[in-house]
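The values are calculated or read from the model by the stated rules, or taken from the named source; none is laboratory data. Model, not experiment: these values are computed from the prediction. Counting neighbours? That spans all protein chains shown, and the Cβs are built from the backbone with ideal geometry, glycine included.
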Amino acid sequence: MKKNLLYTKSQSWIKKFNNLLIISGPCSAENEKQVLETAKRIDKKYVQVFRSGIWKPRTRPNNFEGIGEIGFNWLKKVKEKFKFLIAIEIANSKHVEIALKHNVVDIFWIGARSTVNPFTVQEIAESLSGTDKIVLVKNPINPDLELWIGSLERLINKNINNIGVIHRGFSNFGKSKYRNNPYWKIALEFKKNLPNIPIICDPSHISGNKKYIYELSKKAIIDFGFNGLMIESHCNPSKALSDANQQIIPEKVSEIVELLKIELNQEKKYKILDLFRYQIDEIDENIISLLYERSNVSKNIGKFKKRNNINIIQSKRWEKIINNFNDLKEILGYSENFKKFIDELYKIIHDNSIFIQKNIKL
Ligand code: PEP
Ligand code: MN
């Protein structure tokens with residue numbers, strides 16, 4: 001990879017936030033009262049930047065899609081009254097043009113749905129060209145590190161030099177604990193490749209659920225040394241027009257940041273061990289999800305066999321599976337002992353499949 005400014009320039013802007021940038025505020029600006037009440041209740045001791053969506057990229061149309069330009073008047077009041085810096089999402093050059101005209105935004109972020117599209121990122125980079133505003137890029141919704149890094153290169157190429165990223169997790173298919181899979185490995189890979197680029201975590205969009213905000217924040221800040229958090233807060237979360245499940249009251253944000261600051265000041269024992277353990281936990285969660293998915297497929301096979309009078313045990317099929325494992329041994333190059341372990345494990349998995357299929361009732 002070519003080592004350009006992206007890899008060499010230090011992002012000194014993060015030092016102004018003591019290396020712990022805390023952004024909070026509602027998912028969306030809904031009305032003046034909600035914006036001002038939320039801002040009033042956010043404690044400046046813990047939060048430096050007020051966030052709010054003005055234009056909302058919703059998955060399905062006909063939902064609340066953001067209040068639009070009028071919201072800037074409310075953000076101006078937040079800035080004047082409570083002295084917060086202001087952050088909003090921009091998704092095209094029109095947004096940039098309108099936001100710059102109102103001259104109230106200090107930090108722009110590019111949303112996950114925009115980062116996936118190089119045309120969009122290029123358009124935004126061109127319209128912000130040469131700005132000294134801070135621009136944060138959320139990870140793309142698909143787990144693609146190159147695409148994420150590429151979007152930063154587009155900004156640097158347009159002489160946008162105060163940059164950072166936001167880790168907000170990646171799209172899931174099917175049921176899982178979080179709304180978006182954190183795939184910490186990708187964020188850690190990012191940190192390893194680009195240690196000079198500040199990375200903050202958005203536990204709200206990873207979790208999709210207020211009860212996981214603290215555990216995710218702790219992982220990011222304490223275990224992985226992220227440079228900050230973006231946490232959605234709302235004066236009345238259950239009535240929020242977007243992302244109601246994941247927004248917390250402003251007082252809760254203070255509580256979380258206070259706890260993290262206490263943790264940060266404590267001695268960090270077992271740090272390396274924990275790093276490995278989180279990797280193991282993530283892998284284990286994936287193994288269990290896959291085994292569950294596998295047992296469902298096996299059930300469908302069982303039903304099909306029963307309906308069509310096919311024997312449950314098909315010896316040719318079994319041979320083919322075992323041979324596939326031999327190929328994998330060659331490709332991955334693992335030891336005879338590991339192969340023995342996989343064979344034994346697979347026997348258990350296969351026996352379970354047979355058990356499932358024998359117990360099928362149509
Ligand atoms: C948001 O921050 O409100 C948002 C829409 O986030 P994301 O791009 O991560 O979905
Ligand atoms: Mn949101």
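Below is a table of values for the structure above.
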{"item": "Single match in 251, 285, 293 (criterion: outside the structural domain of residue 215 (by TED's automatic domain parsing) and more than 22 Å from the chain's Cα centre (by Cα))", "result": "293"}
{"item": "Some residue of the range 302-309 being surrounded by 11 or more Cβ atoms within 10 Å (Cβ to Cβ) and closer than 21 Å to residue 347 by Cβ", "result": "yes"}
{"item": "Pairs where the first residue, in the range 133-154, is over 24 Å from residue 101 (Cα atoms) and outside the structural domain of residue 197 (by TED's automatic domain parsing) and the second is modelled with pLDDT under 95 and crowded, with 24+ Cβ neighbours inside 10 Å, C-beta under 8 Å, 6+ apart", "result": "none"}
{"item": "Hits in the range 245-261 (condition: within 15 Å of ligand 2 (Cβ to nearest atom) and either exposed (fewer than 15 other Cβ atoms within 10 Å of the Cβ) or closer than 17 Å to residue 32 by Cα (or both))", "result": "245"}
{"item": "Cross-chain or 6+ apart pairs with Cβ under 8 Å, the range 253-266 first and of a type in the set (Asp, Glu), then surrounded by 15 or more Cβ atoms within 10 Å (Cβ to Cβ)", "result": "258/46; 263/218; 263/221; 263/222"}
{"item": "Of residues in the range 164-202 being among the small types (Gly, Ala, Ser) and in contact with a His (Cβ under 7 Å, 6 or more places away or on another chain), the one surrounded by the fewest Cβ atoms within 10 Å (Cβ to Cβ)", "result": "187"}
{"item": "Failed condition for residue 23, given (1) part of a helix (DSSP H, G or I); (2) within 20 Å of residue 133 (Cα to Cα)", "result": "(1)"}
{"item": "Meets criteria (within 16 Å of ligand 2 (Cβ to nearest atom) and of a type in the set (Lys, Arg)) for residue 101", "result": "no"}
{"item": "From 221, 199, residue being of a type in the set (Val, Ile, Thr) and farther than 14 Å from residue 138 by Cβ", "result": "221"}
{"item": "Residue within the range 52-73 that is of a type in the set (A, V, I, L, M, F, W, C), more than 16 Å from residue 232 (Cα to Cα) and crowded, with 20+ Cβ neighbours inside 10 Å present", "result": "yes"}
{"item": "Conditions (1) surrounded by 19 or more Cβ atoms within 10 Å (Cβ to Cβ); (2) away from ligand 1 (no atom under 16 Å from the Cβ); (3) of a type outside the set (Ser, Thr, Tyr); (4) outside any loop (DSSP other than H, G, I, E, B): number failed by residue 218", "result": "(1)"}
{"item": "Scope the range 221-234; condition more than 16 Å from ligand 2 (Cβ to nearest atom) and in a loop (DSSP other than H, G, I, E, B); matching residues", "result": "224, 225, 226, 227"}
{"item": "Number of the condition not met by residue 15 [criteria: (1) in a loop (DSSP other than H, G, I, E, B); (2) without any contact (Cβ under 8 Å) to a residue 40 or more places away in the chain]", "result": "(1)"}
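Let's see how each residue does on (1) modelled with pLDDT of 95 or more; (2) over 13 Å from the mean Cα position of the chain (by Cα):
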position	(1), (2)
172	no, no
186	yes, no
194	yes, yes
201	yes, no
205	yes, no
208	yes, no
215	yes, yes
223	no, yes
233	yes, yes
